[in-house]
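Down below is the structure, laid out as structure tokens.
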Amino acid sequence: MNILVTGGAGFIGRWVVKKLLEARHRVTAFDDLSNGRLLNIEEFRDNPDFSFIKGDIKDQEQLASLFESGYDLVYHLAASINVQDSIDEPRTTFDNDVVGTFNVLEECRKSKTRMLFMSTCMVYERSLDESGISEVHPVRPASPYAASKLAGEALTLSYYYAYGLPTVVVRPFNTYGPFQKSSGEGGVVAIFIQRDLEGADLNIYGDGAQTRDLLYVEDCAHFVIQAGMDDKTNGLILNAGLGRDISVNDLAALISSDPGRIKHVPHIHPQSEIPKLLCDYSKAHNLMGWEPKITLEEGIRRTREWIMTI
Ligand SMILES: NC(=O)c1ccc[n+]([C@@H]2O[C@H](COP(=O)([O-])OP(=O)(O)OC[C@H]3O[C@@H](n4cnc5c(N)ncnc54)[C@H](O)[C@@H]3O)[C@@H](O)[C@H]2O)c1
């Protein structure tokens, strides 16, 4: 297939690109490099089936000429992903995640191209339920990032209902692994490993009792690819996660080589914190047989190994 991956130079995007190339598809990565890096896609540079185009999904004209290539499938991952940035300056997130998604959908509609929209578990309402969060769980726009993803989801599904366009929404839980930035927000595993290797403190926001369901990035990429290619997913929302949650305190203890360097600091956005994130991925499992393959311990080992090489 001829496939477009927006955000293809980003952390998850580069893994989606890699797996698609391994399956012998033709892949174009489209990215404005606002958070992506050429380093992430260097490995594919000499692959004749791969091309990279630097560009912005907010630029309608550029998108229109991009789509002249006639894609069979679009994985739409490009987005502003930082919760705190979305709180500090919501317009950028709105423009990239809502307007950008609308622009991509419009091109898909005109060219009748199948499209997968990458949402997030951050859209969910708080839940302390030990059985995990399934797709029918209520949503709550706790930040402009979550609100923008919910808007993107609604637009994506509206193109399925209104135009019969084959679209699917996926909500991966917190994803980690090699190529994730170890600075900034979101990459808690990468940040903890990096700081541990540097002999620095591991700073935990709040009391650290908040839990995360951590999905290894190659499991995430397989899920995304499968959801985009399977006709049974049309018009659906699908979760993916490990199905096991761990408190940030326990995660720090698992990664740290010196418990004395684990510190608690005030939370930067307590109002948008989710106390428990545990994924129920049974819908994706029942529908397409997907399940995660990499344990947290193995994923941490692989991530540490990668960080040590850079
Ligand atoms: N990392 C996670 O834990 C996680 C979990 C669930 C969902 N997601 C979603 O997965 C997707 C990828 O996330 P990631 O963690 O790889 O982040 P990332 O920032 O590495 O990837 C996003 C990419 O989009 C690009 N981009 C941003 N705005 C753009 C624009 N206007 N035009 C073109 N490119 C643009 C960035 O440069 C970046 O390369 C995002 O949609 C994110 O919301 C991430």
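The values are calculated or read from the model by the stated rules, or taken from the named source; none is laboratory data. All figures in this text were calculated on a predicted structure; none of them were measured in a lab. We place every Cβ from the backbone using ideal geometry, glycine too, and count neighbours over all the protein chains shown. Ligands, DNA and RNA are excluded from the accessible area calculation, which covers all protein heavy atoms including side chains. Shrake-Rupley method; radii C 1.70, N 1.55, O 1.52, S 1.80 Å.
Structure above, values below:
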| read-out | value |
| --- | --- |
| Tabulated pairs, region 66-86, first within 14 Å of L165 (Cβ to Cβ), second basic (K, R) and at pLDDT 95 or above, C-beta under 8 angstrom, 6+ apart or interchain | F67/K110; D72/R114; L73/R114; V74/R114 |
| Selected residue [open to solvent by 40 Å² or more (accessible area, probe 1.4 Å), closer than 26 Å to Y281 by Cβ, polar (S, T, N, Q) and assigned by TED's automatic domain parsing to the domain that holds R14] from S119, S131 | S131 |
| Extreme residue, farthest from the ligand (Cβ to nearest atom), among residues of region 222-241 that are in a helix (DSSP H, G or I) and open to solvent by less than 30 Å² (accessible area, probe 1.4 Å) | T233 |
| Extreme residue, farthest from the ligand (Cβ to nearest atom), among residues of region 127-142 that are of a type outside the set (D, E, K, R) and in contact with a Lys or Arg (Cβ under 7 Å, 6 or more places away or on another chain) | L128 |
| Residues of region 211-221 classified as touching a strand residue (DSSP E or B) at 6+ places or on another chain (Cβ under 8 Å) and either modelled with pLDDT under 95 or open to solvent by less than 10 Å² (accessible area, probe 1.4 Å) (or both), total | 7 |
| Long-range neighbours under 7 Å by Cβ, at least six apart or interchain, first residue assigned to a loop (DSSP other than H, G, I, E, B) within region 244-272, second open to solvent by less than 80 Å² (accessible area, probe 1.4 Å) and among the β-branched types (V, I, T) | D245/T211; S256/I262; H269/V83; H269/I87 |
| Of all residues making up region 54-95, the number that are over 23 Å from H25 (Cβ atoms), open to solvent by less than 20 Å² (accessible area, probe 1.4 Å) and at pLDDT 95 or above | 2 |
| The listed residue being away from the ligand (no atom under 12 Å from the Cβ) and more than 29 Å from L150 (Cβ to Cβ), out of S257, S247 | S257 |
| Exclusive hit being closer than 17 Å to A190 by Cα and in contact with a helix residue (DSSP H, G or I) (Cβ under 6 Å, 6 or more places away or on another chain), set I204, I246 | I204 |
| Counted residues, region 164-221 - those being part of a loop (DSSP other than H, G, I, E, B) and in contact with a Pro (Cβ under 8 Å, 6 or more places away or on another chain) | 3 |
| Unique match (being open to solvent by 50 Å² or more (accessible area, probe 1.4 Å) and either within 15 Å of the ligand (Cβ to nearest atom) or within 30 Å of N2 (Cβ to Cβ) (or both)) among Y176, Y160, Y124, Y145 | Y160 |
| Checklist (1) in the same structural domain as L155 (by TED's automatic domain parsing); (2) within 18 Å of the chain's Cα centre (by Cα) applied to K293, failing item | (1) |
| In region 9-51, residue most open to solvent (accessible area, probe 1.4 Å) [restricted to those that are β-branched (V, I, T) and touching a residue at least 60 places away in the same chain (Cβ under 8 Å)] | I12 |
